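Colleague: Here it is, the structure in full.
The values are calculated or read from the model by the stated rules, or taken from the named source; none is laboratory data. Since this is a predicted model, take the numbers as computed values, not measurements. We place every Cβ from the backbone using ideal geometry, glycine too, and count neighbours over all the protein chains shown. Quick note on the areas: whole protein, heavy atoms, side chains included, nothing else; ligands and nucleic acids left out. Shrake-Rupley method; radii C 1.70, N 1.55, O 1.52, S 1.80 Å.
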Amino acid sequence: MNDVEEALRRTFARAEARIPAVPPDLLRQVTEGQTRRGRRGLVPATAMATCLVIWAASAVTWRAPEPSPAIPAKPAPLVHEPRIVEEIAPPLEQVLPSVVAEVPRKVPNGEAFTPKAFIDSRTMLGYVSKKGYDPAPELWAYHLEARIFHRLAVIDHPIAPVDSPAVGEGVIAWFEYVDRDIRIMSIPLTGGSPRAVVSFPAELDVDKVNGDTVYGVDLAVGGGRIFWSSTRSGGVNQVPVAGGEPSSVPGTEGLRLFSWPWAGRPADGPAAMTNLLNLSTGERLDDPARAQCAVTWCITGSQAIRRDGSRVLDLPGDNPRSIVADRFVTLNQRDERGRKASVIFDLAAARAGRLWMRDDRKASPTLYIGTEMLYFKRGDKWAVIHDPDR
């Protein structure tokens, strides 16, 4: 053994002596932590790996590490045990058939159709767009009872408009980004040629190296007006549906449109808002402590609570996520036999319905979650979960 090898051996030996003993249940702790925190569970492990890599590099360059300061022991974190249900929920369409609609995944010419919103309870709005850059995406409607498609419009500019259309007051509205401006467009519900309602400068983060970041707007239609709020700075603005002079809505500084007629202040968590303001009546809603709320319902821990406190529901499963259509919550279930399922819990009916059984050895379908609906692929159809009364 030469001098360099001997120096490395001594350095690694000293480093090994200072590494704390590995807990015998480390693998269980890491596995449960990842289940509980999702991707965030990877952060501590990544940070630990980085420190160890730097430590090893220091040894290779013969820089012996300085003694680490003593760190006070912390109590072990509480481990959340999965809730066990007596029975996995029956299929959703068996429990709540009225909330599930089937929509073909392709329009008559064979192009892919993507659901986006409901024009009314029996008419689905969606779009057709080629993969990648499409200079002319199209808006289509699907009539659930007649089972026919109807092309509504061809859109001139491909950025953003197909992602967040707003429906109401006899029109469909969206926004486009053109020549560094945001341009709000509309068509009648029955279709037609798009027309510009209002235009204003876009909010940008200029980056000459990687390209500018363009901030879009949230849209809503109601009370004879089209409303929008910046996804960057907030603040609600309005313009008549027929067009005209835009104006700001008093008292909405920093607020963003949430679910018509409500606007709120963005909070942590998906689709979470606080300080809700009714743009039609001026009513403001209080925010329950430590809860993620829609307009009527809130989730806190393993319970759903009406915002006014008039009703509390125990959620029959784990990992509740954002409330869709102020009614639906997605959950994971596990029974005593170890079987697992993804389910929808309907707050309005206080009943759970199964989407599918989960198998750790194969991927489950992708569930797409919007503000007003959820949908997933099922054969050559989209299965769309929505509130038929909205």
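Colleague: State all residues of the stretch 342-355 that are on the phi < 0 side of the Ramachandran plot and either over 20 Å from the mean Cα position of the chain (by Cα) or modelled with pLDDT under 95 (or both); if no residue qualifies, say none. Give the derivation first.
Modeller: Just the residues of the stretch 342-355 that are on the phi < 0 side of the Ramachandran plot, to begin with: 342-349, 351-355.
Once the filter is applied, which keeps residues that are on the phi < 0 side of the Ramachandran plot and either over 20 Å from the mean Cα position of the chain (by Cα) or modelled with pLDDT under 95 (or both), the stretch 342-355 yields Ala348, Ala349, Arg351, Ala352, Gly353, Arg354.
Colleague: Quick one: what pairs do we get from the stretch 373-389, first residue of a type in the set (Ser, Thr, Tyr), second in a strand (DSSP E or B), C-beta under 7 Å, 6+ apart or different chains?
Modeller: Pairs found: Tyr375/Pro115; Tyr375/Tyr368; Tyr375/Trp382; Tyr375/Ala383; Tyr375/Val384; Tyr375/Ile385.
Colleague: Follow-up. Within the stretch 205-220, does at least one residue satisfy the condition of being under 22 Å from Glu372 (Cβ atoms), surrounded by 13 or more Cβ atoms within 10 Å (Cβ to Cβ) and in contact (Cβ under 8 Å) with a residue 60 or more places away in the chain? Lay out the reasoning, then the answer.
Modeller: Of the stretch 205-220, the ones under 22 Å from Glu372 (Cβ atoms) are 216-220.
Those left that are additionally surrounded by 13 or more Cβ atoms within 10 Å (Cβ to Cβ): 216-220.
Within this subset, residues satisfying the condition of being in contact (Cβ under 8 Å) with a residue 60 or more places away in the chain are none.
Checking the stretch 205-220: not a single residue is under 22 Å from Glu372 (Cβ atoms), surrounded by 13 or more Cβ atoms within 10 Å (Cβ to Cβ) and in contact (Cβ under 8 Å) with a residue 60 or more places away in the chain.
Colleague: Please go through the stretch 83-112 and pick out each residue that is at pLDDT below 95, outside any loop (DSSP other than H, G, I, E, B) and more than 29 Å from Asp318 (Cβ to Cβ).
Modeller: Within the stretch 83-112, just Ala112 meets the criteria.
Colleague: Filter the stretch 255-284 down to the residues that are open to solvent by less than 30 Å² (accessible area, probe 1.4 Å), within 16 Å of Ser230 (Cα to Cα) and in a loop (DSSP other than H, G, I, E, B) and list them by number.
Modeller: Leu255
Colleague: Conditions: (1) part of a strand (DSSP E or B); (2) open to solvent by less than 30 Å² (accessible area, probe 1.4 Å). Val295 meets all but one. Number of the miss?
Modeller: Of everything listed in (1) part of a strand (DSSP E or B); (2) open to solvent by less than 30 Å² (accessible area, probe 1.4 Å), Val295 misses just condition (1).
Results for (1) surrounded by 13 or more Cβ atoms within 10 Å (Cβ to Cβ); (2) at pLDDT 95 or above; (3) over 19 Å from the mean Cα position of the chain (by Cα), shown as yes or no for each residue.
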position: Thr231; (1), (2), (3): yes, no, no
position: Val241; (1), (2), (3): yes, yes, yes
position: Gly244; (1), (2), (3): no, no, yes
position: Asp286; (1), (2), (3): no, no, yes
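Colleague: Working only within the stretch 372-390, note down all residues that are within 16 Å of Ser121 (Cβ to Cβ) and not in a strand (DSSP E or B).
Modeller: Within the stretch 372-390, Glu372, Asp387, Pro388, Asp389, Arg390 qualify.
Colleague: Right, next: Output the residue which, of all residues in the stretch 302-319 that are closer than 20 Å to Gly353 by Cα and without any contact (Cβ under 8 Å) to a residue 40 or more places away in the chain, is most open to solvent (accessible area, probe 1.4 Å).
Modeller: Asp314
Colleague: Further, regarding this structure: Is it true that Glu138 is open to solvent by less than 40 Å² (accessible area, probe 1.4 Å), at pLDDT below 95 and not aliphatic (A, V, I, L, M)?
Modeller: yes
Colleague: Residue by residue through the stretch 113-133, note down the ones that are open to solvent by less than 60 Å² (accessible area, probe 1.4 Å) and either touching a strand residue (DSSP E or B) at 6+ places or on another chain (Cβ under 6 Å) or part of a strand (DSSP E or B) (or both). Spell out the reasoning first.
Modeller: Keep residues of the stretch 113-133 that are open to solvent by less than 60 Å² (accessible area, probe 1.4 Å), which gives 113-115, 117-119, 121, 123-129.
Listed by number, the residues that qualify are Phe113, Thr114, Pro115, Ala117, Phe118, Ile119, Thr123, Met124, Leu125, Gly126, Tyr127, Val128.
Colleague: Also, quick follow-up: So Asp326 clears everything in (1) surrounded by 17 or more Cβ atoms within 10 Å (Cβ to Cβ); (2) not in a loop (DSSP other than H, G, I, E, B) except one condition, right? Which one?
Modeller: (2)
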